[in-house]
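This report refers to the structure that appears directly beneath it.
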Amino acid sequence: MQMPTSKICGESSHTGFAGLPHWHQDDHSAAFAAFVCSAREMLARPYRHVSSDFDQDALRRCCERAETQPDLSRDQARAFFEENFCLVDLEGPGFVTGYFEPLMEASPVQTKDFCVPLYCRPPELVDIDDSNRPSDMDQDCRFGQIKDNRLVEYFDRGAIQAGALAGRNLELVWLKDKTDAYFIHIQGSAKLVFPDQTIVRISFSAKSGHAYSSLAKHLSAKQGTDEQLMTADRLADWMRSNPDEIDAFMAHNRSYIFFRIIENISESDGPVGAARIPLIKGRSLAVDRLLHTFGVPIWVRTKEPLPDQENPFHRLMIAHDTGSAIVGPSRGDIFLGTGPEAGFMAGQVRHDAQMTLLVPRQ
């Protein structure tokens, strides 16, 4: 597996933290609180370690030191990161997008109005890794099924939309709108409000195993327009305006997501990310899970502000999540909160970025 090429500490283009642009302007106490959340989870159940830039024991020692600290001030938290980490410039041109937790109406049962299902994980779905992946299967495929004593591809989006799972009581919840359902698939989680005002949180459980394909890119190519201008709002508007084409259009993204209901989570918490903790608005970053270990801090800087800010985005974030479209050492997805306002912001974030990994000191 190819890992990011890095330049550590003194070999970097900046001289330690003192040379990191805008480092002193951030609220490091907020970053520290986000780091502690995943540190506690990692100490209880270590994350899968994939980074070549440090060993897992070094990160564990940093987590142990963080867990013993009381609430730190901004200056104390900044000192903690400076004393316990050094810097690695991540390879290649960086790029960040934004994502959010949709807030939508739903029903626990099918009705005339609520007729679009979100499915739970089918029992026959098999996890795939290097130990059981057939030689002729895509190396990125993580799920499949057993047929004729062979591990093969699972049903893709087109097959599932056509009814491959219908009638098996796998429907988790029901939505009103196919476009809404698709965007929950893209975000990987949602807060749902049932007709009796019960609030339910759902999160990623598994997927069909097929490679993700961007419908925004597909529509841009179809229309001959600049894909950089294809925001989530524009994509959703086209999908809702073309109900006769939507199924065939969505089938171009063969990847299909399955969900589970999240229990024992506060209404004020964010959705649960791949690092097994509630995501933190503006501090949780989705990263490439094949290149980065969950729980590591990453300094993200852009030349553009987020939609609700005046100054360019410069912030210490923590790797708390992943996503099918998040590929590469300098590719990130910023969690921006829950609901329509967060969704609007997320749809506008398509920023070139520079990323610096904070590497635990030995």
Search the stretch 221-232 for residues being exposed (fewer than 12 other Cβ atoms within 10 Å of the Cβ) and within 18 Å of V349 (Cα to Cα), and hand back the single one that is modelled with the highest pLDDT. D226
Every residue in the stretch 301-325 that is over 23 Å from C63 (Cβ atoms), touching a strand residue (DSSP E or B) at 6+ places or on another chain (Cβ under 8 Å) and not small (G, A, S), please. R301, T302, K303, E304, L306, P312, F313, H314
What number goes with the only condition from (1) out of contact with any Pro (no Cβ under 8 Å at 6 or more places or on another chain); (2) within 25 Å of H351 (Cβ to Cβ) that A251 does not pass? (2)
Quick one: is A159 of a type in the set (A, V, I, L, M, F, W, C), free of Cβ contacts under 8 Å to residues at least 60 places away in the same chain and part of a helix (DSSP H, G or I)? yes
Which condition number does R350 fail, the rest of (1) within 24 Å of D180 (Cα to Cα); (2) without any contact (Cβ under 8 Å) to a residue 60 or more places away in the chain; (3) of a type in the set (D, E, K, R) being met? (2)
Candidate set from the stretch 97-141 (those that are of a type in the set (G, A, S) and not in a loop (DSSP other than H, G, I, E, B)); member that is surrounded by the fewest Cβ atoms within 10 Å (Cβ to Cβ): S107
Within the stretch 252-284, can you find the residues that are of a type in the set (V, I, T) and in a loop (DSSP other than H, G, I, E, B)? I265, I277, I280
Can you tell me which condition G337 does not meet? The list is (1) assigned to a loop (DSSP other than H, G, I, E, B); (2) at positive phi; (3) surrounded by fewer than 24 Cβ atoms within 10 Å (Cβ to Cβ), and all the others hold. (1)
For the stretch 75-89, state whether one or more residues are surrounded by 14 or more Cβ atoms within 10 Å (Cβ to Cβ), more than 21 Å from M355 (Cα to Cα) and either out of contact with any strand residue (DSSP E or B) (no Cβ under 7 Å at 6 or more places or on another chain) or free of Cβ contacts under 8 Å to residues at least 24 places away in the same chain (or both). yes
Of (1) part of a strand (DSSP E or B); (2) surrounded by fewer than 17 Cβ atoms within 10 Å (Cβ to Cβ), Q362 fails just (1)
Go through (1) at pLDDT below 95; (2) among the basic types (K, R); (3) surrounded by 16 or more Cβ atoms within 10 Å (Cβ to Cβ) for K147 and report which single condition fails. (3)
From the residues in the stretch 171-205 that are in contact with an Asp or Glu (Cβ under 8 Å, 6 or more places away or on another chain) and part of a strand (DSSP E or B), which one is nearest to A286 (Cα to Cα)? S189
Mind checking which pairs have a first residue in the stretch 205-229 that is touching a residue at least 12 places away in the same chain (Cβ under 8 Å) and a second that is β-branched (V, I, T) and buried (at least 18 other Cβ atoms within 10 Å of the Cβ), Cβ under 7 Å, 6 or more apart or different chains? K207/I257; G209/I128
Condition met for I257 (hydrophobic (A, V, I, L, M, F, W, C), surrounded by 15 or more Cβ atoms within 10 Å (Cβ to Cβ) and more than 14 Å from L103 (Cα to Cα)): yes
Sort through G332, G323, G295 and tell me the only one that's more than 21 Å from C141 (Cβ to Cβ), surrounded by 19 or more Cβ atoms within 10 Å (Cβ to Cβ) and either modelled with pLDDT under 95 or within 12 Å of the chain's Cα centre (by Cα) (or both). G332
Restricting attention to the stretch 291-316, which residues are hydrophobic (A, V, I, L, M, F, W, C), closer than 14 Å to I334 by Cα and either assigned to a loop (DSSP other than H, G, I, E, B) or in contact with a helix residue (DSSP H, G or I) (Cβ under 7 Å, 6 or more places away or on another chain) (or both)? L306, F313, L316
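The values are calculated or read from the model by the stated rules, or taken from the named source; none is laboratory data. Treat the numbers as computed from the prediction; the structure is a model and nothing was measured. Cβ atoms come from the backbone with ideal geometry, glycine included; neighbour counts cover every protein chain shown.
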